[in-house]
Structure formats: structure tokens, C-alpha cells
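Encoded as C-alpha cells, the structure appears first; notes follow it.
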Amino acid sequence: MSHIPPLDPMVAARKGFRESEERLKRFWKAADVQSVEGGWRVVLDGRPPKTPAKADYVLPTEAAARLVADEWGAQGEFIEPSTMPATRLAATAIDRVSQTRDAVAGEVAAYAGSDLLCYPAEHPRGLVERQAREWGRWRDWADAELGVALLVSEGIVHRSQDPAALARVKALALELDDFALTGLATAVPLLGSAVLGLALQRAAIGGEAAFEASRLDEAFQEELWGVDAENAERTAARRAEADLLYRWFRSLDG
């Protein structure tokens, strides 16, 4: 989403660092967490690393802080920011989302306005039946559990949703703390669905199951025509991201 662009967790690690020109070497031996006022802080050899905006990585639960610390601890000789998604989520929550909560929640609601689950295919029959079964139950869940009733479009023509439903989605997003809101705002575009994103955040669905629900059309085409290596690699990366987001939400539960 435009208000929370991906953050490189290592931007502030060394003054003047440019990723394209230099690779940062690991400069600590042990990564751990410590209890502080307001939560749990990530420390490297007892000292806190900094976010790009020069804040400490202080998270609301020990489990969430350890998820971040484990990424730092798993680094090899050189630091690979691409292997630190939880660190990036934490930095985004601390530096960006905390300052733009209303706008971020508004973008989550905007996804509900054109939610993937509301645009099922018209053919072939096998895909239609699969989407009706899988997507229908999550639309029903949203109505029953969230108070969000979304209308289904016929064909690809956009169908406007009830403003009250979109307002409800925004309100649900704003109920979350900065860290959970960051996760939600990351999950929703990944899945193409505010409903699936909220289901993931609330542990109504797992990461892999949410991802597979979001790609029924793609999976159906793969069954017919096969999978090429490039698409398989991209799919695996997205599936891993969905799984990480599930673990992120659960770590925030305590």
C-alpha cells in the first residue's frame, strides 16, 4: 500500500550505506530481547539496533520481539534484508504506520470495495463451483463474524459496496495496534482481499490456506496447463509471506 512502502531494516545500520555498492557484514554475536517500558526490545550484544527512523525495535509482546530477534540471529557473514520480513514489518509499524493509521486503515477498506471474493469467475464450471464453495464461506464468515456484508458482482464489472460495510472494515482496522495494522495492510494486497486479510489476522484461517484461497483461479489454470519454474518460485515466495504474516499475528496475540 502506498502509505507503507517496504522499509529496508538495515538503512540506519551504518551511516552512508548504499545497498547497491556495499554489503553489510554481521557486526554482532548474539541477538536477544529484553523487557522495557512499553514492551520488549530487540538487542544485539545487549545494544538495540535502530529502525531507519532511528527508533529502537520495541514490540508489544515477547513473542513478536523474538520473531524479529531470530531474524537478526539467523544472519550469516553478510546481512540479507530480504530474509528479515518480520524486522521490516516492525520497522514499518514503528516508523510509518504509527504516523498514518487513518490513511492505512482507509486503504484496507478500499480493498474491501473491490474484494477478490466478490468477483468470481463465470466459467468454467469447475472453477465456478470451487470459488462458490470457498469464497462463499468466507463472505458468509465476514457477514456473521465481522458485520461486513459484501455484494457479489456478476462478471468483471465493478459493483459498488455499501458504504456502511466499508466503514465497518476501516473501523475494524483501526481497532488494531500499529503492529497488527501493519500486518493487515500487508496481508490484504498480498491476498487481494480484506476479508481474507482479516480472517488471517483473527486466526480464522492459516497462512497457507488463506494464500491458496486467494489464488483459486491461478491454481485451476495450473492444473490444466502445468506450472513453469518462474511462476512456481514466485508462488512459493508469496506463500511463505502469507505464512510469515500468520506467525506475525500470532506472535502479537502473546
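Computed from the coordinates by the stated procedures, all read-outs in this text should not be read as laboratory data. On a predicted model such as this, the values are computed, not experimentally measured, just so you know. A quick note on method: Cβ atoms are made from the backbone with ideal geometry, for glycine too, and the neighbour counts reach across all protein chains shown.
Looking at the chain from every direction and averaging, what is the projected area of its Cα convex hull in nm²?
Numbers: hull surface 59.2 nm².
Over all viewing directions, the chain projects a mean Cα-hull area of 14.8 nm².
If r is the Cβ-Cβ distance from Lys25 to Asp70 and R0 is 22 Å, what FRET efficiency results, to the nearest 0.05?
Numbers: r = 19 Å, r/R0 = 0.88.
E(calc), rounded to 0.05, equals 0.70.
Which angle between 0 and 90 degrees, to the nearest 10, do you get for helix 178-191 versus the longest principal axis of the chain when only C-alpha atoms count?
So the inclination is approximately 50 degrees.
Per the Cauchy relation, a quarter of the hull surface: what is the mean projected area of the convex hull of the alpha carbons in region 132-246, in nm²?
Values: hull surface 31.2 nm².
Averaged projected area of region 132-246's Cα convex hull equals 7.8 nm².
If we count other beta carbons within 10 Å of each Cβ, what is the order of Phe179, Phe78, Phe249, Phe220, fewest first?
Details: Phe179 24, Phe78 10, Phe249 21, Phe220 17.
Least crowded to most crowded, the residues run Phe78, Phe220, Phe249, Phe179.
To the nearest 0.05, how large is the calculated FRET efficiency for Trp225 and Leu151 if R₀ is 35 Å and r is the Cβ-Cβ distance? Walk me through the numbers on the way to the answer.
Values: r = 32 Å, r/R0 = 0.91.
About 0.65, to the nearest 0.05.
Report, to the nearest 10°, how far helix 62-73 tilts away from the longest principal axis of the Cα atoms in the chain, using its own Cα long axis and a range of 0 to 90°.
Tilt relative to the chain: about 70 degrees.
Just subtract the alpha-carbon distance of Arg133 and Glu208 from 0.36 nm times their residue separation and send over the number in nm, one decimal.
25.2 nm
So what is the calculated 222 nm ellipticity per residue for the chain, using -39500 (n - 2.57) for each DSSP H run with n of 4 or more, over all residues, to the nearest 500 deg cm²/dmol?
On the way: 10 runs with 128 residues, N = 254.
It comes out at -16000 deg cm²/dmol, rounded to the nearest 500.
Could you tally the net charge around Asp228, taking each other residue with its Cβ under 11 Å from the Cβ of Asp228, Lys/Arg +1 and Asp/Glu -1? Kindly include the intermediate steps, with their values, before the conclusion.
Working: positive: Arg234; negative: Glu222, Glu230, Glu233.
So the environment of Asp228 carries a net charge of -2.
How much space per residue, in cubic angstrom, does the convex hull of the C-alpha atoms of region 203-254 take up?
Dividing the Cα hull volume of region 203-254 by its residue count gives 53 Å³.
Let me check against my output: what whole-number percent is the relative contact order of region 120-184, with C-alpha pairs under 8 Å and at least 6 apart? Walk me through the numbers before you get to the answer.
Details: 38 pairs, mean separation 15.1, N = 65.
Averaging sequence separation for qualifying contacts and normalising by length gives 23 percent for region 120-184.
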